[in-house]
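Each remark here refers to the structure printed beneath this line.
The values are calculated or read from the model by the stated rules, or taken from the named source; none is laboratory data. Every value quoted in this text rests on a predicted model; they were computed, and no experiment measured them. Every residue, glycine among them, receives a Cβ derived from its backbone with ideal geometry; neighbour counts consider all protein chains shown. The protein model used for the area step is the full one, side chains on, heavy atoms only, and it has no ligands, DNA or RNA in it. Shrake-Rupley method; radii C 1.70, N 1.55, O 1.52, S 1.80 Å.
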Amino acid sequence: MSDNSEDQNPRDAGNMCLELALEGERLCKAGDCRSGVAFFQAAVQAGTNDLRTLSAIYSQLGNAYFYLADYPKALHFHKLDLALARTLGDKPGEAKSSGNLGNTLKVMGNFDEAMICCKRHLEIARELGDKLSEGRALYNLGNVYHAKGKHIGRVGQQDPGEFPEEVKVCIEQAVKYYEENLKLMKELNDRAAVGRACGNLGNTYYLLGNFKEAIQYHEDRLKIAREFGDKSAERRANSNLGNSHVFLGEFEEAADHYKRTLILAQELEDRAVEAQACYSLGNTYTLLRDYNTAVDFHLRHLDIAQKLHDRIGEGRACWSLGNVNLALGNHEKALYFASKHLEISKEIGDTVGQATAQINIVDIKKSLGMSNGQLSPDSKELLDTISNTQPSPQLRRYRVRRQSMEQLDLLKVVCACLCKPSFCL
């Protein structure tokens, strides 16, 4: 009797392990990854002699932890999965786990290691003639180079097309892999994947300053998003089209796309994106010299930012309202919003915002005929600092924009009106 019991124990444990793993998989698919992880961990504890089952559990644990943003644990389990796949000589499994490791390392900022993993994924996929796996590897490689370029270029602090050579090299590599992915997805007639590739190609060409190419790809992305009824993707494409048209000086077209972005954000009940769309519209109408409409949109942005307790957004709204009111000749209102911008910048520790707000206040008080003796101590100190030292690149750029606003050479302020590219990654 005891012999039979001993014979059945490993089988019973294996069955229990499989049942627990299947329940973990079901929970993760239902969106409850935290509970799913508990079942997968219980499955590991139950144990199994089937290394393929164990490999699948490690893979799903890695994916679940990735979804939960616990990247070190995700990395740990994807490494265990890779080791088992290699032990088993499971080439498709090695490709999959290499891709998962690459994605996790990318999010953790380990871009060079991520590239090695993704290139191994690509190499195995091509060895096996697995076109779907090859497509995923190409897409992931594009994402890694894209992310590395954005990281070392500090995207958001520089204008598109103005990045150092090492950043351009990364973005150009991303373009190469996205284009290979696009070609393959077209061959496979995978329209959803074609749409994603077009969106990312639009974003990479935008960063390179190739705005016409960016528009072409974002228009393709928009068309496919509409085919699928994917309003989130449609919203991103419209936002990105608006950004690209602004840089080409096509402000009416930009406004049309930002308006569509605003409508879709409202339909999706995404208040943060709604605020961003109002901000972009306010700045675009400033470029069109329709200052009253610009004020309306900036006030809408300010209202939403306040309701979302978004002090950064509130500061940006006040900065823009100060500039637009100055263009309208409403110096008292301009001074009020510039002062609010200064107050918020101090509160959130935004030193560049604080400096630009103080410059704004100095300029407005001068327009009101106030002498330096009537300026605040902060403003006086700033004036002395600017007189005696070389200002930072951000302050130099701000000065150019402020002078351009006064001269109505509004093309120089395009950078201030753009929202960040909306990525499909």
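Given a 1.4 angstrom probe, I'd like the percentage of the accessible area of the stretch 258-380 that is carbon and sulfur, rounded to a whole number.
Values: 2640 of 5320 Å².
Answer for the stretch 258-380: carbon and sulfur cover 50 percent of the accessible area.
Find the centroid of the Cα atoms in the stretch 120-198 and in the stretch 311-349, then give the distance between the two in whole Å.
40 Å
Only sites in a loop by DSSP and with at most 13 other Cβ atoms within 10 Å count here; which GluC sites (Glu not before Pro) in the stretch 144-191 make the cut? Provide the component values of the computation, followed by the final result.
Working: sites: GLU162, GLU165, GLU166, GLU172, GLU179, GLU180, GLU187; in loops: GLU162.
Here the sparse-neighbourhood loop sites are GLU162.
With a 1.4 Å probe and every protein chain left in place, tell me how much accessible area SER35 has, in Å² to the nearest 10.
Counting only protein heavy atoms, the figure is 40 Å².
Could you order the peptides 364-370, 251-257 from most to least packed, using the average number of other C-beta atoms within 10 Å per residue? Could you put the intermediate results ahead of the total?
On the way: 364-370: 14.6, 251-257: 20.3.
Ranked from most to least packed, the peptides come out as 251-257, 364-370.
Please turn the phi angles of the stretch 299-307 into ³J(HN,Hα) values with the Karplus equation 6.51 cos²θ - 1.76 cosθ + 1.60 (θ = phi - 60°), one per residue in order, whole Hz, x for glycine and proline.
For the stretch 299-307, the Karplus-derived couplings read 5, 5, 4, 4, 4, 5, 4, 5, 5 Hz, x marking Gly and Pro.
Ignoring ligands, DNA and RNA, how do LYS29, LYS106 rank by accessible area with a 1.4 Å probe, largest first? If you can, show how the numbers build up before the last one.
On the way: LYS29 160, LYS106 35 Å².
So the residues, ranked largest to smallest area, are LYS29, LYS106.
Indicate the gyration tensor shape class of the stretch 38-115 (rounded, prolate or oblate), computed on the Cα atoms with a ≥ b ≥ c the square roots of the eigenvalues: a/c under 1.5 is rounded; otherwise a/b larger than b/c is prolate and the rest oblate. Please list the in-between numbers first.
Working: a/c = 2.87, a/b = 1.30, b/c = 2.21.
The shape class here is oblate.
Determine the gain in length on full extension of the stretch ASP303-LYS346; use 0.36 nm per residue of separation and subtract their C-alpha separation, reporting nm with one decimal. Walk me through the numbers on the way to the answer.
On the way: separation 43, 0.36 × 43 = 15.48 nm, distance 2.03 nm.
Result: 13.4 nm gained on full extension.
Using the crude model of +1 on Lys and Arg Cβ and -1 on Asp and Glu Cβ, and no other charge, please compute the dipole size for the stretch 168-326 relative to its Cα centre, in debye to 20.
Working: 21 positive and 24 negative charges, 44 e Å.
Dipole magnitude for the stretch 168-326 comes out near 220 debye.
So for LEU88, LEU61, what's the accessible-area order with a 1.4 Å probe, most first?
Numbers: LEU88 55, LEU61 0 Å².
Result of the area sort, largest leading: LEU88, LEU61.
Using the Karplus curve 6.51 cos²θ - 1.76 cosθ + 1.60 with θ = phi - 60°, work out ³J(HN,Hα) for each residue of the stretch 116-132 in order, rounded to whole Hz, and write x for Gly and Pro.
Coupling constants for the stretch 116-132: 4, 5, 5, 5, 5, 4, 5, 4, 5, 4, 5, 4, 7, x, 8, 5, 5 Hz.
Give the accessible area for CYS198 in Å² (nearest 10); use a 1.4 Å probe, count only protein heavy atoms, and leave out ligands, DNA and RNA.
Rounded to the nearest 10, that gives 0 Å².
Scattering from the C-alpha atoms of the stretch 58-98 alone, worked out with Debye: what is log10 I(q)/I(0) at q = 0.16, 0.32 1/Å?
-0.34, -0.96
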